[in-house]
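Trainee: The structure under discussion is supplied below as structure tokens; questions concerning it will follow.
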Amino acid sequence: MAIGTPLTKFLLDEQRRYPESTGNFTSLFSDLVVAAKIISREVNRAGLIDILGSTGAQNVQGEEVQKLDELANDMLIRTMEHGGHLSGMASEEMEEIVKVDGKFPKGSYLLLFDPLDGSTNIDVNISVGTIFSILKRPDGSDTTTKDFLQPGIRQVCAGYILYGSSTMLVYTTGHGVHGFTLDPSIGEFLLSHEDIRTPEKGKIYSINEGNSKHWFPATSIYIEKIKANEKGYSARYVGSLVADFHRNLLKGGIFLYPADRKSKNGKLRLLYEANPLSFIIEQAGGKSSTGDKRVLEVVPEELHQRTPLIIGSKADVEEAESFWKYQEA
Ligand code: P6P
């Protein structure tokens, strides 16, 4: 499809390609796009209004809630709950799920999201992002937390919005990965990156080397090998997952947040960070692993569980996995 195609047209054309589709998903996704545009507006003017800094509250992860975190979370819930396509939502910012109750019509999808990942970077104007994952709700009457505990291979859609030098929306429904850039002058996301393919092997590695004192041998040995590589890898680490992932998706490379002696299960969350990005990277020809297992096959046991994440170019991830035999518990 032509570069510059509006997202709304792209979605409708995608829908027409699958006769069995009812349009419910297209409508759900369109609601999500509205929330993304509003969050983008707030993020882009954060410095101008009293929205920087922290609310003083802490979220379920024990992290300080930034004001924009709260706004993004509330925006997503308010925009999505009345659309009639969801039966529930789960957010990094909320301990429990949000059920679509009697006030609004109930749908057959579940939405999971990290409303504003990397939010500690907000006050210093570094890119942050929203990450989302969409599942089908299992049959049954009531929506419970258990409905959300599905392996990543069950996702019907995954994506992120990157609030950077421009605002980009990147998503997959299992038919390739497509990127849209927001044109603020018309308030539309326009196709800018159709069918994104990540390079088979990259020259970028992303890891927080400040954690090296906690690393298990596998990580230390692999990173030392990367550094000694005669072709020369570059270290790039923003500390904002969506920004690091997006750069590596387009240029090739590997991002690692492995388990270590401090974070036995890694730091990043399985359901609304690792799974959506893993769906995207696999659709773009890359790979995503916990170190010894495909992330998308991990069966979740709790809503906010964490997972080690090694994600990016297929050859790089496979090379990293080959070191994991040195891993120590
Ligand atoms: P560290 C941000 O808090 C985040 O969840 C991700 O966006 C980012 O990749 C990671 O944590 C950074 O963690 O421990 O390197 O600061």
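Trainee: Which of the pairs Lys103/Lys146; Lys231/Lys264; Lys262/Lys293; Lys99/Lys262 have their Cα atoms more than 29 Å apart in this structure? Kindly include the intermediate steps, with their values, before the conclusion.
Mentor: On the way: Lys103/Lys146 22 Å; Lys231/Lys264 32 Å; Lys262/Lys293 21 Å; Lys99/Lys262 34 Å.
Beyond 29 Å between Cα atoms: Lys231/Lys264; Lys99/Lys262.
Trainee: For the range 154-169 and the range 102-129, compute the distance between their C-alpha centroids and round to whole Å.
Mentor: 11
Trainee: Counting heavy atoms of the protein chains only and a 1.4 Å probe, report the per residue accessible area for the range 204-326 as a whole number of Å². Present the calculation step by step, with values, prior to reporting the outcome.
Mentor: Working: 4650 Å² over 123 residues.
Per-residue value: 38 Å².
Trainee: Now, a different point. Roughly how far apart, in whole Å, are the Cα centres of the range 254-280 and the range 64-84?
Mentor: Answer, in whole Å: 23.
Trainee: Working from Cα positions, state the angle (0 to 90°, nearest 10) between the long axis of helix 7-16 and the longest principal axis of the chain.
Mentor: 80
Trainee: Percent of alpha carbon pairs in the chain separated by more than 30 Å? Each step should come with its number before you reach the end.
Mentor: Numbers: 17381 of 53956 pairs.
Of the Cα pairs, 32 percent sit more than 30 Å apart.
Trainee: In addition: Given a 1.4 angstrom probe, I'd like the percentage of the accessible area of the range 7-193 that is carbon and sulfur, rounded to a whole number.
Mentor: Working: 4040 of 7930 Å².
The value for the range 7-193 is 51 percent carbon and sulfur by accessible area.
Trainee: Please determine, in degrees from 0 to 90 and to the nearest 10, the orientation of helix 241-251 with respect to the longest principal axis defined by the Cα atoms of the chain, where the helix direction is its Cα long axis.
Mentor: 70
Trainee: Once you compute Rg and the Kirkwood Rh from C-alpha atoms, what is the Rg to Rh ratio for the range 7-193?
Mentor: Working: Rg = 16.4 Å, Rh = 17.1 Å.
With Rg and the Kirkwood Rh in hand, the quotient comes to 0.96.
Trainee: Further, regarding this structure: Report, ordered by chain and residue number, the lysines lying within cross-link reach of Lys37, taken as a straight Cα distance under 20 Å and ignoring same-chain residues fewer than 8 apart.
Mentor: Candidates past the 8-residue exclusion: Lys9, Lys67.
Trainee: Right, something else. Run the numbers for Met1 and Thr145: contour at 0.36 nm per residue of separation, minus the present Cα-Cα distance, in nm.
Mentor: Numbers: separation 144, 0.36 × 144 = 51.84 nm, distance 3.88 nm.
Stretched fully, the Met1-Thr145 segment lengthens by 48.0 nm.
Trainee: State the extension gain, in nm to one decimal, for the chain segment bounded by Ser27 and Asn44, taking 0.36 nm per residue of separation less the distance between their alpha-carbons.
Mentor: Values: separation 17, 0.36 × 17 = 6.12 nm, distance 2.60 nm.
Gain on extension, Ser27 to Asn44, equals 3.5 nm.
Trainee: OK, next. Expected output is a single nm value to one decimal: the length gained when fully extending between His193 and Asn125, i.e. 0.36 nm times separation in residues minus the C-alpha distance. What is it?
Mentor: On the way: separation 68, 0.36 × 68 = 24.48 nm, distance 2.45 nm.
Length gained, His193 through Asn125: 22.0 nm.
Trainee: Got a number for carbon plus sulfur as a percent of the range 204-326's accessible area, 1.4 Å probe? List each step's numbers first, then the result.
Mentor: On the way: 2240 of 4650 Å².
The value for the range 204-326 is 48 percent carbon and sulfur by accessible area.
Trainee: Determine the dipole magnitude for the chain: charges of +1 sit on the beta-carbon of Lys and Arg, -1 on that of Asp and Glu, nothing else is charged, the reference point is the Cα centre, and the result goes in debye to the nearest 20.
Mentor: 700
Trainee: Sort 202-208, 228-234 by the packing proxy (mean of other Cβ within 10 Å over each peptide's residues), most packed first.
Mentor: Working: 202-208: 21.0, 228-234: 9.7.
The densest-packed peptide leads the list: 202-208, 228-234.
Trainee: Moving on to the next point. Helix-derived [θ] at 222 nm for the chain: sum -39500 (n - 2.57) over DSSP H runs of at least 4, divide by residue count, nearest 500? Don't skip to the end; give the middle numbers.
Mentor: Working: 7 runs with 87 residues, N = 329.
The helix-only estimate for the chain comes to -8500 deg cm²/dmol at 222 nm.
Trainee: Taking the chain as the reference, fit the longest principal axis to its C-alpha atoms, fit the long axis of helix 314-323 to the helix C-alpha atoms, and give the angle between the two in degrees, 0 to 90, nearest 10.
Mentor: Between helix and principal axis, roughly 50 degrees.
The values are calculated or read from the model by the stated rules, or taken from the named source; none is laboratory data. This is a predicted model, so every value here is computed, not measured. Note: ideal-geometry Cβ built from the backbone for every residue, glycine included; neighbour counts use all protein chains shown. Quick note on the areas: whole protein, heavy atoms, side chains included, nothing else; ligands and nucleic acids left out. Shrake-Rupley method; radii C 1.70, N 1.55, O 1.52, S 1.80 Å.
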